[in-house]
Amino acid sequence: MTGEWQRRRRARQRLDRIFAAVFLLAIALSLLTLAVLFWDVVRDGARWLRWEFLTGYPSRIPERAGILVPLVGSLWVIGLTALLALPLGVAAAIYLEFYAGDSWLSRLIEANIANLAGVPSIVYGLLGLAVFVRGLHLGRSVLAAALTMTLLVLPVIIVATREALRAVPLSLIHGAYALGATRWQVIRTVVLPTAAGSIMTGVILAISRALGETAPLITVGAWAFITYLPRHPLDGFSVLPIQIFNWAARPKPAFQQLAAAGIIVLLAVLLSLNAVAIWLRNKYQKKAEW
Amino acid sequence: MANAAAGGRDLRVSPRWREAQKRRERWIGWLLLAAGLVSVLTTAGIVLTLTVDTVQFFRHVSLWEFLTDDRWTPLFTPKHFGILPLLNGTFLVAVGSALIAVPLGLGSAIYLSEYASDRVRRVVKPLLEILAGIPTVVYGYFALTYITPLLRRYIEDLEVFNALSACIAVGVMIIPTVSSLSEDAMVAVPRSLREAAYALGATRLEVALKVVVPAAFSGIVAAIILAVSRAVGESMIVALAAGSTPKLTLNPLESIQTMTGFIVQVSQGDVGYDTVEYYSIYAVGMALFLITLLMNLLARWVVRRYQGGERA
């Protein structure tokens, strides 16, 4: 009787250990894929990463092709997107946290934000094409792309900002009210300065998502082959992910390696954005502890 | 008087100044509300533009053909506008990627929630999240130039463009969606339940599979639905790796096309406005929007429907 029980217990414990290994294997496989992906990209692309590649214009000859135009295009688009999305997103978050209360209107807005977060990015592209490119006659321009991207990242920014606003200690807010400040004065002088660090972190992370988005900008009409730098929000443009897409889609191996080099540049820009976000968060956290 | 305390200065505000301040406060309130309404306008804009151009599409093509024809060839003659092949492609990628992401994501979530020490969790979680932060075009490149050639060494009939390697890449991309959302659900299971099971002599595996997973079930189901909905909406991986031949097949070794893949293909070319081809991307976009909307609503309904039961 006892022997039977002991045997079963040992079997159960063995099963437990086996499954611990199986579950760990799931994580290991996921991370291994990530490592192989990075290794593959670096192996293919590293030798194309020269100064001429970063400063060169597009070319049909792979050895002469450069990435300057889409790189500048990407910076234009995300710069404009940040300029538009930051005030809009923060204002919407302030409204929901401090003004809305529990009205039907605020519930409608919240339900909308939750739904928008689940809409495929390419559908935003269709919206941008119909409204900004055609409806407002902005054409296939940097501005049309930035407006489309603004709508795309807005839900993310609003959610992140609301979290940042909620982290502001109530005691500070009550203190300000007790001194006779109005609602807006409390927000402007107490809430926003306190939450600025984590708001910026959230905004940068949202913007870095926009940097890697490809499909909506293809729909809005980024140019596949463009030989001048955008100087104006209404100029045509290309962006890094679309250049990568075009190179990767060509059968010639040299172009695919160019795509890998482009990916390294894109990931480097993404990584530096994330580094800034992490630096901001740490700086802010230290201040908050003090 | 009170003024004496303030050094003799008169600190009383005039009624007119207070009136101006109140007006300013109201204005700011309206401005903030306007910013909040942008999200409502976005939804309205999406629904409106999709509807308007879809109606245009159905002036040229009958709804019956759209839903029942088994060919989708808008860019060739004779033109056929049956969405079934595109739905088939999307379905294939959704199911295939779920077959990859659900076991790997759930395994990771169970390990992180039930087995891992705090230190391991702090290191591994952000690493897994990187998978969700990598641009989809990078996965597309990876699928086309690494996964496909690798698979072709072992599978002879694999076409250059095929659903299988797209499934693998999309699957890897949505692993973090499955793992982090289900881990959240598992971590939310009360400790008392776990400890009761441990007190009865259960192993970690038994606690995980017989207590934690059933208690967190609705959250896990919602995580899977949301992940599959992301797979349905994914565009660049399928555009690069899955091909552009819409067909009715369940064979993942063949070249296919998804709804998103078609929209990307048409958007790249120079299709004139006011043509059937142009309107067709809106009809397909409408179908895509409705499918993902339903999935997201379903996920939220699952969570709300069963949340009460979990707490009890």
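Coordinate-derived values only; no laboratory data. A quick note: this is a predicted structure, and the numbers were derived from the prediction, not measured. Note: ideal-geometry Cβ built from the backbone for every residue, glycine included; neighbour counts use all protein chains shown.
Across the options A:L205, A:Q256, A:S238, the greatest Cα extent toward the positive end of the charge dipole of chain A (unit charges at beta carbon of Lys, Arg, Asp, Glu) belongs to A:Q256.
Residues whose amide H lies under 5 Å from that of B:W72, counting only those 5 or more places away or on a different chain, are B:G82; hydrogens are built 1.01 Å from N in the peptide plane.
Sorted fewest first by neighbouring Cβ atoms within 10 angstrom, A:T150, B:T77 come out as B:T77, A:T150. Taken about its Cα centre, region A:53-289 carries a charge dipole of about 300 debye when Lys and Arg each add +1 at the Cβ and Asp and Glu each add -1 at the Cβ. Panel values: chain B, Kirkwood radius from alpha carbon pairs, Stokes-Einstein at 4 °C and 1.567 mPa s, translational diffusion coefficient 56 µm²/s. The mean number of Cβ atoms from other chains found within 10 Å of a Cβ in peptide A:105-113 is 4, as a whole number.
For the residues of B:258-266, the average number of beta carbons from a partner chain within 10 Å of their own beta carbon is 3.
How high is the FRET efficiency from B:T275 to B:W17, r the C-beta distance, R0 51 Å, rounded to 0.05? After rounding to 0.05, the efficiency reads 0.25. Most tightly packed first, judged by the mean number of other beta-carbon atoms within 10 Å of their residues, the peptides B:119-125, A:101-107, A:254-260 read A:254-260, B:119-125, A:101-107. Adding -39500 (n - 2.57) for every DSSP H run of four residues or longer, then dividing by how many residues the protein assembly as shown holds, sets the calculated 222 nm ellipticity at -23500 deg cm²/dmol.
What does the charge dipole of region B:84-262 about its Cα centre add up to, to the nearest 20 debye, if the Cβ of each Lys and Arg holds +1 and the Cβ of each Asp and Glu holds -1?
Result for region B:84-262 is approximately 360 debye, rounded to the nearest 20.
Find how many whole Å separate the alpha carbon centroid of region A:156-225 from the alpha carbon centroid of region B:249-312. Here the two parts' Cα centres lie 30 Å apart. Normalising by the residue count of region B:63-136, find the relative contact order in percent from Cα pairs under 8 Å and 6+ residues apart. So the answer I get is 17 percent. If you run the Gaussian network model on chain A, springs between alpha carbon atoms under 10 Å, then out of A:Y124, A:Y57, A:Y177 the most flexible one is A:Y177.
How big, in percent, is the set of alpha carbon pairs in the protein assembly as shown lying more than 35 Å apart?
45
A quarter of the convex hull surface defined by the alpha-carbon atoms of region B:84-262 gives 10.9 nm² as the mean projection.
Label chain A by shape, choosing from rounded, prolate and oblate, from the square roots a ≥ b ≥ c of the eigenvalues of the Cα gyration tensor; if a/c is under 1.5 it is rounded, and otherwise prolate applies when a/b is larger than b/c, oblate when it is not. Oblate is the answer for chain A, as a/c is 1.5 or above yet b/c matches or exceeds a/b.
Our Cα-only numbers for region A:149-254 put the radius of gyration and Dmax at 20.9, 70 Å.
Taking the empirical scaling 2.2 N^0.38 Å for compact globular proteins as reference, region B:193-306 has a Cα radius of gyration ratio of 1.59. Helix screen, chain A: DSSP H segments with Cα axial length of 20 Å or more and mean Kyte-Doolittle hydropathy at least 1.6 are A:68-94, A:142-166. Summary value for chain A: 26 percent relative contact order, contacts being C-alpha pairs under 8 angstrom separated by 6+ residues. The modelled label-to-label distance for the pair B:S192/B:L297, using points 7 Å beyond Cα in the direction of Cβ, is 3.7 nm. Taken about its Cα centre, region B:1-127 carries a charge dipole of about 1040 debye when Lys and Arg each add +1 at the Cβ and Asp and Glu each add -1 at the Cβ.
With one equal scatterer per alpha carbon and no solvent term, the Debye-computed log10 I(q)/I(0) for region A:1-149 at 0.10, 0.20 1/Å reads -0.74, -1.21.
Centre-to-centre, using Cα atoms only, region A:98-112 and region B:46-90 are separated by 37 Å.
Neighbour counting of Cβ atoms within 10 Å sorts the residues B:E129, B:E254, fewest neighbours leading, into B:E129, B:E254. For the protein assembly as shown, the tally of Lys pairs with Cα-Cα distances below 26 Å comes to 5, considering only residues 8 or more apart or on different chains.
The fewest-to-most ranking of B:F217, A:F19, A:F237 by surrounding Cβ atoms within 10 Å reads B:F217, A:F19, A:F237. Projecting the Cα atoms of B:Y154, A:I61, A:T150 onto the charge dipole of the protein assembly as shown (Cβ charges, centred on the Cα centre) puts A:T150 farthest toward the positive pole. With unit charges on the beta carbons (Lys and Arg positive, Asp and Glu negative) and the dipole taken about the Cα centre of region A:2-47, which residue among A:I18, A:S30, A:V41 sits farthest to the positive side? Value computed over the given set: A:I18.
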